[in-house]
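In what follows, a structure is listed as structure tokens, so that the remarks can point back to it.
Values quoted throughout were computed directly from the atomic coordinates according to the rules given, and no laboratory measurement underlies them. Note that this is a predicted model, so its numbers are computed, not measured. Every residue, glycine among them, receives a Cβ derived from its backbone with ideal geometry; neighbour counts consider all protein chains shown.
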Amino acid sequence: MSGSPDLIVVNGRVLTMDEDHPAAEAIAVRDGRIVAVGDSKAIAALKGPATRVIDAQGGSVVPGFIEAHMHLFSGAAELAHLQLAGLHGFDALRDAIRAYAAERPDAPMLVGQGVDYSVLGAERITRHHLDAILPDRPFCMAAPDHHTVWANTKALEAAGILHGRTLGPGNEIVIGDDGLANGELREGEAFGPVLALAGEERVRLGLSTGGEPDPAPSAAERAADRDIMRRGLAWCARHGITSIQNMDGNLYQLELLAAIEAEEGLPCRVRIPFHFKNFMDLAMLDKASKMAERYRSEWLASGMVKVFFDGVLDSWTAVMLEPYADRPDWLGEPLFSPERFKELAVAIDRRGLQIAVHSIGDGAVRAVLDGYEAARKANGARDSRHRVEHIEVISAADVPRFSELGAIASMQPPHPPGAMGFPLEPTVSRIGRARWPLSYAWRTLKDAGAHVVFASDWPVSPIDPIRGMQAAMLRKRWAESDPDQSFSLMEALAAYTVEGAYAEFAETAKGRLKPGFMADLVVLSADIEAIAPQNLHDVRPLVTICGGKVTYEG
């Protein structure tokens, strides 16, 4: 090795995820790459006068976490919103909202996040509950899954939807007995006008329209948006994340990140998709190809098209093969017809782009796999690694198709009811006991040969990969007869590292700690192999290193 390392990590329990050399004590880094992995004595001997030494003090050293499904821009903005996760009962909700409102007397719109569907027990939230809490200022609050928003009357009036509005399939402004909106807004077209009142519509464009800001933002607005992005990137680095696969996107997000990269460098590698919406025509894919051509570096890339096929279970907007257990006349309404989705999949695949589709119900999963099969038949087989996002319910017949089609199962350990404090109801009753064995079926899919990649879907769930690993390890069955879907520690770690790299065609460059790979790694506060799974959440990243640079230090 010529020249001294820029940085060495010594005295660690290094989990390399490299099958040929699974364990080590130390790592040397130079010019953004790993140059040596070995014992502490050998690596310490490489130290030069300018080499920085990080002593892991016996803690685990792991590859940088790859967050394979998240929403960076909107998640970063939501860090400043009222956080309502875990609150239960009207009184607790009232106190939190009023305290937040009192601290922000001039805010044009007040927004809460993460409120449970069952916050009032069996009683469904309406605008009347929120009016009793805050009658004179516009307020809305979103469910953890971000597919339902509840708004008070002031917000509904200001958004012009108190009397309802015609919406596209899969979206609903729930109307009360009085003929007016009752405050429950299902899916983005329904609640978009309410959220726009907060003046943060640019952060949601990658989700809501896939389009660009119009009018073009001023220099001051762009600077403010870059600061929001920086806040999100710092939050990721704080949690040991070195690579982000974003699941909404537009050109504006890429431009903001490119500006940050030019100014001071990025603390995380970011991949931003083009978001294809059901109101677009196939010619819009020219933009996806242009984004892929313009952005394709190790730090900032596109090359992927994100699509939503359905909604979520809790608002009956996920698409099922058989009716909901608690709504026997309803399957959910797809955002694309199966035939139109096949056309779309063929067109995207023909351009050599990767596809990632939000598919929660077993009906959606089947339609998406059918689309991938159609693309393979039309264009010929290739290593496409098209992705199915979430897969909260799957049919037995579709389990082996992931391996057959080379499709990636992109799943979220924090999401199953019962995990990380997420309530069992109403979801488990909505799914119905007959479908429990194939709900959130990570182990079933992995055993059938699928590449299973884990993520948080932040801000839907807490971003922390360590808590996600813990949720995967502690996964509980809902009935004794259900199969065990839990993962071991090393399987969970691989799903946040090795499999995340595979999902972005980067398995020969990151996701493992071996010479020649990107110097993306995390020094943890304890030896995770020696910690009981129920205590794993106490382990924290002490140092995050991305591209050989320290991006977070606790």
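Within the straight-line cut-off of under 22 Å between alpha carbons, the lysines reachable from LYS277 are LYS287, LYS290, LYS306, LYS342, sequence neighbours fewer than 8 places apart in one chain being disregarded.
With angles folded into 0 to 90 degrees, how steeply does helix 362-379 sit against the dominant principal axis of the chain? Use alpha carbons for both and round to 10. Between helix and principal axis, roughly 60 degrees. The DSSP beta bridges internal to the chain are antiparallel in roughly 45% of cases. The calculated P(r) of the chain, using every Cα pair and 20 Å bins from 0, goes 22, 56, 22, 1 in percent.
Counting other Cβ atoms within 10 Å as a rough exposure proxy, the listed residues GLU480, GLU264, GLU333 run GLU480, GLU264, GLU333 from fewest neighbours to most.
Amide hydrogen proximity for SER60: with H placed 1.01 Å from N in the peptide plane, the residues at 5 or more positions away or on another chain lying under 5 Å are ARG13, LEU524, ALA526, ASP527, ILE528.
Compared with the dominant principal axis of the Cα atoms in the chain, helix 219-238 is inclined by about 60°.
Exposure proxy for LYS476, LYS514: other Cβ atoms within 10 Å of each Cβ, ordered fewest to most, give LYS476, LYS514.
Using the Karplus relation 6.51 cos²θ - 1.76 cosθ + 1.60 with θ = phi - 60°, the per-residue 3J(HN,Hα) values for the stretch 109-124 come to 8, 10, 10, x, 9, x, 7, 5, 4, 9, 4, 9, x, 6, 6, 7 Hz, with x marking Gly and Pro.
If only the Cβ of Lys and Arg carry +1 and only the Cβ of Asp and Glu carry -1, the dipole of the chain around its Cα centre is close to 1080 debye.
Once the Cα-Cα distance is subtracted from the 0.36 nm per residue extended length, the THR51 to ASP447 segment shows a gain of 138.1 nm.
Using the Karplus relation 6.51 cos²θ - 1.76 cosθ + 1.60 with θ = phi - 60°, the per-residue 3J(HN,Hα) values for the stretch 458-473 come to 3, x, 4, 10, x, 6, 4, x, 5, 5, x, 4, 4, 4, 5, 6 Hz, with x marking Gly and Pro. Between TRP330 and SER395, the simple spin-label model (points 7 angstrom out along Cα→Cβ) gives 2.1 nm. Spacing of the modelled spin labels on HIS88 and SER403, each 7 Å from Cα toward Cβ, amounts to 4.1 nm. Its residues counted as N, the stretch 397-554 yields a C-alpha radius of gyration over 2.2 N^0.38 Å of 1.10. Between ARG340 and ALA381, the simple spin-label model (points 7 angstrom out along Cα→Cβ) gives 3.2 nm.
Rounded to 0.05, the FRET efficiency of the GLU293 and ALA509 pair, given R0 = 22 Å and the Cβ-Cβ distance, is 0.60. Simple rule: put +1 on each Lys or Arg Cβ and -1 on each Asp or Glu Cβ in the stretch 249-385, find the dipole, and look at GLY380, LEU256, VAL305; the Cα lying farthest toward the positive end is GLY380.
Semi-axis lengths, largest first, of the ellipsoid equivalent to the stretch 27-99 are 46, 15, 12 Å, with √(5λ) applied to each eigenvalue of the Cα gyration tensor.
By the Cα gyration tensor, the stretch 211-503 has an equivalent ellipsoid whose semi-axes, rounded to whole angstrom, run 30, 23, 18 from largest to smallest. Cross-link partners for LYS41 among the aspartates and glutamates, with Cα-Cα distance under 18 Å and sequence neighbours closer than 8 places in the same chain left out: ASP6, GLU25, ASP55. Our estimate of slack between ALA99 and SER488, defined as 0.36 nm per intervening residue step minus the Cα-Cα distance, is 135.8 nm. For ARG30, nonlocal amide neighbours, meaning residues 5 or more places apart or on other chains whose placed amide H falls under 5 Å from its own, are ASP6, VAL35. Of HIS69, HIS129, HIS163, the sequence from fewest to most neighbouring Cβ atoms within 10 angstrom is HIS163, HIS129, HIS69.
Each residue of the stretch 147-153 was assigned a 3J(HN,Hα) from its phi angle through the Karplus expression (A = 6.51, B = -1.76, C = 1.60, θ = phi - 60°), giving 10, 9, 10, 10, 10, 7, 5 Hz with x at Gly and Pro.
For the chain, the 222 nm mean residue ellipticity estimated from helices alone, with every DSSP H stretch of n ≥ 4 adding -39500 (n - 2.57) and the total spread over all residues, rounds to -9000 deg cm²/dmol.
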